[in-house]
Amino acid sequence: MYSFSPAVLTAINQGRLGTVVVAILLPSLFSLLEKNKGLGKLTWCKIFSIVLIAAVAAAFSPLFLLSWIIFHSSVFLYNYFTSPNWRAIKWQEILKNLDTDEYKKRLALIFTPIFINVPISINLILNPFSALKEPGLTVESAGQLSVLLFNLGGLGSPPLFLLAPFVLYLIVAVISKEQRKVGMTSLLIISIAATLSSYFIEGNSSSAQRIWSGPLVIFAQLLVLLSFFAIVERLIPQLKRSNFGFKHIGLAATAVITVASMLSISIWTATTGADSLLRSNQEQVIPAFISDLASTTERPKTLVIRKSPEQLQYFVTRGGDLQIGNADVASPTPPQFHQTIVDLVNGVGGSSSQILGYYGIQYVFMKNPADAGLVRIIDGIGGFTRSSATKDGVVWKVDKAHARVTYQNTVGTFFPVSSTDKAATAFVSGEGVILLAEKFDKSWQLLLNGKIVALEQHPFGIPMFKIAEPGEISLTHNGTSRRAWISIQLIALITAIVLALPAGRKRREVPLEELV
């Protein structure tokens, strides 16, 4: 029932990897958090097992990490300010009040996932709105009404008339005295999810997108499901001993609705739902000759464009299809580059080919079905030479495009510099400028004869280094801070794994009967 819920099916069909991982790991978290047991009664081994699972889920879903931090911080503050000694103002007294297993374990649940997921978690705390961006490609989802019905909507989601029984379970949980607190918690979570889904935010390298609240819906439906099972488990023995009444009718009606709902969703999944956005046998989008360019020393890039009546979509490829985590789409697009694309599409970009060339764009590819109007605009704007037009799409070559690393001498002549994925080394014959066809980042470092050259930003927004003398150059990305964050990650992860492993008992702790 949980795995065939509309929220889980929608996440799978749309490729929402973060939500899928949360859906897989949430039941494990609930099983480790034993029912009616406070944190003080759980062992440290179990606490860090919970921490590891939460950290893995947080690595895939920033919204889960933010919700995890807010929830446990709220519980921590509530427990402290409802304690008898909460008015203490001296730090010695405050530390004494916090010197209990309950508070220590709660702090471990809060901070350990943060350390395991740095620097993403630090950025999340400084900019909480970044948690509202679901990893992966932007896919349109539905609004508040659909979310309130535990259906996230959008392409690949079950239609609304295939109602899941979770709304009925929520009503039952709210009515029940024993499960009312859980029911109200679920109602609050699904209300927050519906509220978030009414807002739009700007995604990385994409247009505005509706906030995806999948992890919250998954969490709410799991709470509702567990509370309903608890009610049924308590109610069935009572019904066996009581006369036929409205409780028997209500339970039978709920069972019929549940079976009908699961049967209809299963049929939809095997028929219409099987034709989803996510494919395992999808053919390659990028033409083969463009993919082969990735193996050359110039390492050119290709701009892939697709225009529909509703929107314009584009991404930059270095020889392969679009992938999650690709550096060109995982971070914001430079404003100059984005404006160049907009001007190109509008037919007013007289310098579009020049700017694209400085960013290392050697080809522009428009996949079929190509927009005829946009094809005519690119053909006539200047700076683009049509290379081919096949069944796959139309390809233009950008005139005077630069390599990934280019040396410009004082005369104004450009010379490509051979480079690899990680570095570029070469000999320059005299004064000039080294241009790097990448996004500007302060971590780019160039050595000239063993000396560091100052990094500058080109008017087009790319990194630039001024060469004052001839000699050997070495260009790398010096990710010192990144290595420091990875070190913190590894320390926190290894510590959590060691503390989560079962510990052996000392000899003096083993009963005499076991030794004999």
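Details
- Qualifying residue in the stretch 130-138 (condition: touching a residue at least 40 places away in the same chain (Cβ under 8 Å), over 30 Å from Gln339 (Cα atoms) and part of a helix (DSSP H, G or I)): no
- For the residues Asp379, Asp399, Asp371, the requirement of being farther than 20 Å from Gly461 by Cα and in contact (Cβ under 8 Å) with a residue 40 or more places away in the chain singles out Asp371.
- Listed by first and then second residue, the pairs linking a residue in the stretch 69-89 that is free of Cβ contacts under 8 Å to residues at least 40 places away in the same chain to a residue that is part of a loop (DSSP other than H, G, I, E, B), with Cβ atoms under 7 Å apart and 6 or more places separating them unless they lie on different chains, are Tyr80/Trp86.
- The set of residues from the stretch 396-454 being of a type in the set (Ser, Thr, Tyr), surrounded by 16 or more Cβ atoms within 10 Å (Cβ to Cβ) and modelled with pLDDT under 90 comprises just one member, Ser419.
Here is a yes/no grid of residues against (1) hydrophobic (A, V, I, L, M, F, W, C); (2) in contact with a Ser or Thr (Cβ under 7 Å, 6 or more places away or on another chain):
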{"site": "Phe4", "(1), (2)": "yes, yes"}
{"site": "Ala11", "(1), (2)": "yes, yes"}
{"site": "Arg16", "(1), (2)": "no, no"}
{"site": "Thr19", "(1), (2)": "no, yes"}
{"site": "Leu25", "(1), (2)": "yes, no"}
{"site": "Ser28", "(1), (2)": "no, no"}
{"site": "Leu33", "(1), (2)": "yes, no"}
{"site": "Gly38", "(1), (2)": "no, no"}
{"site": "Lys41", "(1), (2)": "no, no"}
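- Test result for Ser481, modelled with pLDDT of 90 or more, within 26 Å of the chain's Cα centre (by Cα), part of a helix (DSSP H, G or I) and not hydrophobic (A, V, I, L, M, F, W, C): no
- Within the stretch 403-438, the residues that satisfy the criterion of being in contact (Cβ under 8 Å) with a residue 12 or more places away in the chain and small (Gly, Ala, Ser) are Ala403, Ser418, Ser419, Ala423, Ala424, Ala426, Ser429, Gly430, Gly432, Ala437.
- If you go through the stretch 107-129 and keep only what is modelled with pLDDT under 90 and either aromatic (Phe, Trp, Tyr) or in contact with a Phe, Trp or Tyr (Cβ under 6 Å, 6 or more places away or on another chain) (or both), you end up with Val118, Pro119, Phe129.
- Residues in the stretch 1-41 that are touching a residue at least 40 places away in the same chain (Cβ under 8 Å), over 16 Å from Asn151 (Cβ atoms) and in contact with a Leu (Cβ under 8 Å, 6 or more places away or on another chain): Gly15, Gly18, Leu26, Pro27, Phe30, Leu39.
- Condition check for Ile70: surrounded by fewer than 15 Cβ atoms within 10 Å (Cβ to Cβ), hydrophobic (A, V, I, L, M, F, W, C) and out of contact with any Phe, Trp or Tyr (no Cβ under 6 Å at 6 or more places or on another chain): yes
- Considered as a group, the residues in the stretch 208-248 that are assigned to a helix (DSSP H, G or I) and among the basic types (Lys, Arg) include one that is modelled with the highest pLDDT, and that residue is Arg234.
- Single unsatisfied condition, Leu132 versus (1) surrounded by fewer than 21 Cβ atoms within 10 Å (Cβ to Cβ); (2) over 19 Å from Ser67 (Cβ atoms): (2)
The values are calculated or read from the model by the stated rules, or taken from the named source; none is laboratory data. Note that the structure is predicted; figures quoted are calculated from it, not measured. Backbone-built Cβ (ideal geometry, glycine too); neighbour counts: all protein chains shown.
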